[in-house]
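The values are calculated or read from the model by the stated rules, or taken from the named source; none is laboratory data. Keep in mind that this is a model prediction, so the values were computed, not measured. Heads up, the Cβs are rebuilt from the backbone with ideal geometry, glycines too, and the neighbour counts pull from every protein chain shown. Each accessible area value is taken on the protein alone, full model and side chains, heavy atoms only, with ligands, DNA and RNA left out. Shrake-Rupley method; radii C 1.70, N 1.55, O 1.52, S 1.80 Å.
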Amino acid sequence: MQYIPNILFLIILFLGVGFFIKNVKKLFRNINLGKDINRSDQKPLRWRNMAKIALGQYKMVKRPVSGILHVVVYLGFIIINIEVLEIIIDGLFGTHRVFSFLGSVYDFLIGSFEVLALLVIVAIVIFWMRRNVIRIKRFLNPEMKGWPKMDGNLILYFEIVLMTLFLMMNATDLQLQMMGATHYASEAGLVGAFPISQYIAPLFEGVSESTLVLIERAAWWMHIIGILIFLNYLYYSKHLHILLAFPNTWYAKLQPKGEFDNLDSVTKEVMLMMDPNADPFAAPAEEEEGEPEKFGASDVMDLNWVQLMNSYSCTECGRCTSECPANQTGKKLSPRKIMMDTRDRLEVVSKNIDANGEFVPDGKQLLDDHISKEELWACTTCNACTEACPIGIDPLSIIMDMRRYMVMEESAAPSDLNNAMTNIENNGAPWPFNQMDRANWIHEN
């Protein structure tokens, strides 16, 4: 009977970690649906970017209020979960505070965890008020209604519950230590290690030892089960960036701002046109090998894997949209929505693959069914969205790839742009004047 809790803990841990691994595999599969792209150059710079932006939260604190609060939650999440290792060992082997032999070092760690837990609770309350009481504008955009809003609040409630359970567990543990309870008495030297819960412990004075043990064990179990639920909730939440922020910053685009890549297929055609010895009637090499590559992107499988990883990494913070000049002037474009729509479409494709073993065309695509042409053509390509993103997500690259598809595959550019391109083709300039008449303005009075 004494080993039943340990066996139960092992089963819960196995199920929680197993389901998480299953979701991680699905995540990798979905990201790998994108086209290959080489982002392994300039490794020292990429490591510096990851350390500075993902680990150091450099871009977060550019907006100091939300940035500093996020750093508090970030540190709390990272450091407090060091305690999870002790919980796992205790759960598997039936020990209690197995690392307490570290003495003053352990006291310092537990004390730090408690202070951070309190700071996390304060930060989360402020985050909740900013979303639901102050109602900051970037959280009120149309794409933030329904599940995104619920998800944003749900994760805040979740974190408050986890931190409260942690402090409750410590407070009852402390009270049991002071009572000299069996299995807790050996930690009697830890009384000074609870700088926050020592003020909660008096609430349990007069409570029987058996009831205290029940409360402490309940808080312990709910805390670890809550962490496992949180771990598996990440895949379905915007908080997947907790895992993906690091690779996202490492694989981020390093080219100068505003520089776009050339399509190899277009470059080959231009080189062919410039080659006087080329046979204009010869079939392109791509056609000899099979179906020619699509220009641009109309669906998620046409994007590269970094862009798909970007969509899963999006924190939905809205900094990109709040900096977007098109959005500020009332246009439909929201860079945040571009990333959210890309992820939504990728999830639709993922469920299609789960159901059929491979993707079966469903008559829908990212373009038109999720992202409208009006949104795409509202973009000024200023790159403000990418610059504003705390983890280097690049909505502009997706917008430009989808524009390429519309122009080069559908010939569906706006009339003004079509006129300009026709004039460039015929007159060598975007204006509707013959090249011979280009200098006539000099003679006008």
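A single member of Arg438, Arg404 is farther than 23 Å from Ala384 by Cα and surrounded by 13 or more Cβ atoms within 10 Å (Cβ to Cβ), and it is Arg438. Scanning region 96-125 for residues being loosely packed, with under 15 Cβ neighbours inside 10 Å and at pLDDT 90 or above gives a total of 3.
To keep it simple, each residue is scored yes or no on (1) within 23 Å of the chain's Cα centre (by Cα); (2) assigned to a loop (DSSP other than H, G, I, E, B); (3) aromatic (Phe, Trp, Tyr).
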site: Ser311; (1), (2), (3): yes, no, no
site: Leu333; (1), (2), (3): yes, yes, no
site: Lys337; (1), (2), (3): yes, no, no
site: Asp341; (1), (2), (3): yes, no, no
site: Leu346; (1), (2), (3): yes, no, no
site: Val360; (1), (2), (3): no, yes, no
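With the structure loaded, tell me whether Asn232 is farther than 22 Å from Lys52 by Cα, open to solvent by less than 70 Å² (accessible area, probe 1.4 Å), in contact with a strand residue (DSSP E or B) (Cβ under 7 Å, 6 or more places away or on another chain) and modelled with pLDDT of 75 or more or whether it fails that test. Here the answer is no, as Asn232 does not meet what is asked. Residues that are polar (S, T, N, Q) and over 23 Å from Tyr236 (Cα atoms): does region 19-32 have at least one? Taking every residue of region 19-32 in turn, none turns out to be polar (S, T, N, Q) and over 23 Å from Tyr236 (Cα atoms). Taking every residue in region 398-415 that is more than 17 Å from Gly258 (Cα to Cα) and pairing it with any residue that is at pLDDT below 85, at least 6 positions away or on another chain, the pairs with Cβ-Cβ distances below 6 Å are Met406/Ala412; Val407/Ala413.
Residue-by-condition table, conditions (1) in a loop (DSSP other than H, G, I, E, B); (2) more than 23 Å from Ile11 (Cβ to Cβ); (3) in contact (Cβ under 8 Å) with a residue 24 or more places away in the chain; (4) β-branched (Val, Ile, Thr):
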site: Leu203; (1), (2), (3), (4): no, yes, yes, no
site: Thr211; (1), (2), (3), (4): no, yes, no, yes
site: Met222; (1), (2), (3), (4): no, no, yes, no
site: Leu231; (1), (2), (3), (4): no, no, yes, no
site: Phe246; (1), (2), (3), (4): no, yes, yes, no
site: Ala252; (1), (2), (3), (4): yes, yes, yes, no
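Per the conditions (1) within 22 Å of Trp250 (Cβ to Cβ); (2) surrounded by 17 or more Cβ atoms within 10 Å (Cβ to Cβ); (3) of a type in the set (D, E, K, R), the sole criterion not satisfied by Glu86 is (1).
Among residues that are open to solvent by 30 Å² or more (accessible area, probe 1.4 Å), within 26 Å of the chain's Cα centre (by Cα) and of a type outside the set (A, V, I, L, M, F, W, C), Thr386 is not included.
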